[in-house]
Structures are given as C-alpha cells and as structure tokens.
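The structure appears below as structure tokens.
The values are calculated or read from the model by the stated rules, or taken from the named source; none is laboratory data. What you see is a predicted model; the values in this text were computed from it and never measured. Here the Cβ is made from the backbone with ideal geometry for all residues, glycine too, and neighbour counts use every protein chain on show. For the accessible areas, the whole protein counts, side chains as well, though only heavy atoms, and no ligand, DNA or RNA atoms are used. Shrake-Rupley method; radii C 1.70, N 1.55, O 1.52, S 1.80 Å.
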Amino acid sequence: MSSTILSPPGRGPSAGPGITPAAPGSRHGQARPRPAGRRRRTSANWLLFALLAGPNIALLLVFTYKPLLQSLYYSTLQWNIGSAIARPVGLRNYTDWFTAPGTGQIIMVTVVFTLATVGGGMVIGLALALLLNSRLKLRGAARTIVVAPYVLSGVAVGLLWLFVFDPNFGITSAVLQGIGLASPDWYNDPGYALAMVIIVYLWKNVGYVALIYLAGLQAIPRDLLEAASLDGAGRIRTLVGITLPLLGPTTFFLSVTTLLSSLQSFDIIQAMTKGGPLEGTTTMMYQIYQQGFVAGTAGYSSAIATILFLVLLAVTLLQLKFVERKVHYS
C-alpha cells in the first residue's frame, strides 16, 4: 500500500520522483527579464542598421522597384507618351509583340549579340589576364591600356569607331586594301553591321573582364603552382587542372554580370547604327527605346521591357541553380 507525501504548507515540492524541477536559468520557476543593457544594445544595432541601410533601401524602392511595378502596369495599357487617355488592353501588347513579323529577327539578333559578346569577352579577357599576369616589361602600363576603354563613354567609343570602319577612309579599309582585299560595306549590310557592333563592344568591355580575371589569378596560392611545376606539369596542364578550377567563382561572377550588361547594351548601337540597317542590329533593349521614345507607344514598349526583365530574371536564376553547383570555392 503506497502513501502520498505532501509538502508542508507554504513550501514548494521537493525535487523527488515525479516532480518537475524549476526550469534552468529561472528563479522560482519564472523567466528572468532581459537586462536593460542588452535591450539598449539591440535597439542601438537596429538604429545603426536603419541609418546605414535605410538610404540604400529607399533608393532601391524609389528608383528600381517602383518603376518596375509601373512598367508592369503600363504594359497592360494602350497609351502613347503625352496622351491623357490610356485604355486597358490586358495582355494585348504581349501578344502583339510575339506575333509581330520582325520579332523573330530581333530575338535572333539579341541572341547572337549576347552570345558573341559574353563568350568572346570571357575568352579574350582570360587570355589578356594570363598575359598581364606574366612577367612583362611595362606591365603596369599595359594593364592601364587594356582597362582604359572600359571607362570611356559608349557614345564616344561608337563615334570614334565609325571612322575606323569607314569603307572609304577608315583604318580597316586601308589595312584590307594593303593586302589586296576590298572593305566590307559595314554600314549597309546587316550582317557586317552586327559584326561591327560586336567588335566595338568587345573592345570597350573586355578590359573589365581581364581586370576581374587578373584579380582572380593573383589570388591563386603560389605554392600550388610551384608544386605543379615541380611535378612536371606544363603550362596547359596547370591551366586546365589548377588555374581554371580555382577561377570558378570568378568565372561565375563574370558570366552573370557580363550577360546582364550585354542584354542591356544600348549606347554603342545608338551611336553607330541606330538599330539598322534593316533592323540588323536592333536588340530587344534597343527596340524598347525605339517603341517608347521614337514611336511613342509607351504601353507596347513597357510590355517589351517586362519580357526582357523576365528573360534576365530567368537566365540569372538558371545560372544560380545549375552553373554555381559546378563552382568550387576555396
């Protein structure tokens, strides 16, 4: 026969079998209040965060996200710039663009321009970075010369290269005539015009790629390269087996930034060809400008801008999901 032990009045139960003791860190079973000093430090940290990040967040909201939402709204309207009347049309602007006769060519020009500038820029930039990382005379001056075009205005670069590609008096014409070849009609042939714009874009922006790759090369531990040299690995084997894998994060970063920059290219096309001839250099970005500020069809232009934004978002997410998996961070 069992008996129950009762606690005396006014006293808590003893910590015996079946009795739950007070929670650790508490006094008489009650949670300790947070010290006033800790609350003040937390408030000060949040205040510091608001002071430092608040202006940047406000600028993003006002100049990035608000225009993005407005553009999405305008894309559902039939509205011309300067008109006080805007009629809702739903998804009509989108269907009009996808069914327009010239949309296929514009997509093709955009794809060719993007692949050529991104792929060519990565290959040429890596080659220049490897060259500039070697022991060269006047290496500092060479690095400055390579990077200098990147900081120049795209309009100024485009106007300058118009004289270089002039079929009658340009440098390219003189060089081709010197080897017995005729100069292509850069201005009136759509294929040559697109090639001309790609060449100028690469000349201007390849210095940025080379600069980033050069920083990545200088971050590679020297002992790994020396160990590979002692093991008898040649330059090609060292490049493929050590240098390129360790440049994975740099390559991933450049693939994202150069792709976004290429898809949004405008200034060189405007200065050199204005989208011609026969829309041979009209990319989606340039068509946004033409429809919005030349033709004045703001609703149609906003629809194209929304499509381009979705393309940029989709490509970036695919790169983050699939390409980054193959990147090895040291």
* To do: Would you please classify the overall shape of region 44-126 from the alpha carbon gyration tensor, given that a ≥ b ≥ c denote the square roots of the eigenvalues, rounded means a/c under 1.5, and beyond that prolate means a/b larger than b/c while oblate covers the rest?
  => oblate
* Structure fact -> Candidates for Cα extents along the principal axes in Å are [x] 74, 43, 38; [y] 117, 74, 42; [z] 85, 53, 32, and the calculated one carries label [y]
* **Using a Förster distance of 25 Å, the FRET efficiency for Ala50-Val294 (Cβ separation, nearest 0.05)** => 0.05
* Structure fact -> If unit charges are put on Cβ atoms (+1 for Lys and Arg, -1 for Asp and Glu) and the dipole of the chain is taken about its Cα centre, the option from Gly275, Leu52, Leu194 lying farthest towards the positive end turns out to be Leu52
* What shape does region 237-287 take by its C-alpha gyration tensor, where a ≥ b ≥ c are the square roots of the eigenvalues and a/c under 1.5 counts as rounded, a/b above b/c as prolate, and the rest as oblate? -> prolate
* To do: Could you calculate the FRET efficiency of Tyr65 with Thr257 from 1/(1 + (r/R0)^6), where r is the beta carbon distance between them and R0 is 22 Å, rounded to 0.05?
  => 0.60
* **Simple Cβ-charge dipole of the chain, Lys/Arg +1 and Asp/Glu -1, about Cα centre, in debye nearest 20** => 2080
* Asked: Mind checking the dipole of region 103-232: about its Cα centre, +1 per Lys or Arg Cβ, -1 per Asp or Glu Cβ, Debye to the nearest 20?
  -> 400
* Return the calculated 222 nm mean residue ellipticity for the chain, to the nearest 500 deg cm²/dmol, obtained by summing -39500 (n - 2.57) across DSSP H runs with n ≥ 4 and dividing by the residue count. => -18500 deg cm²/dmol
* Structure fact -> Quick calc, region 223-304, dipole around Cα centre from Cβ unit charges on Lys, Arg (+) and Asp, Glu (-), nearest 20 debye, gives 220
* **Using a Förster distance of 51 Å, the FRET efficiency for Arg87-Gln218 (Cβ separation, nearest 0.05)** => 0.30
* Enumerate the amide H contacts of Thr282 below 5 Å, restricted to partners 5 or more residues apart or on another chain; note that Pro and chain-start residues carry no placed amide H. => none
* Asked: Which helices, counted as full DSSP H runs in the chain, have an axial Cα extent of no less than 18 Å and a Kyte-Doolittle average of 0.0 or above?
  -> 36-60, 103-132, 190-218, 248-263, 298-318
* Structure fact -> Ranking Leu239, Leu308 from most to least accessible area with a 1.4 Å probe gives Leu239, Leu308
* Asked: Where the centre of each part is set by its Cα atoms, how far does region 35-86 sit from region 123-143, in angstrom?
  -> 42
* Give the shape of region 205-330 as rounded, prolate or oblate, defined through the alpha-carbon gyration tensor: a ≥ b ≥ c are the square roots of its eigenvalues, a/c under 1.5 means rounded, and otherwise the shape is prolate if a/b is larger than b/c and oblate if not. => prolate
* To do: With springs only between Cα atoms under 10 Å apart, run a GNM on the chain and tell me which of Asn188, Asn133, Asn45 wobbles the most.
  => Asn45
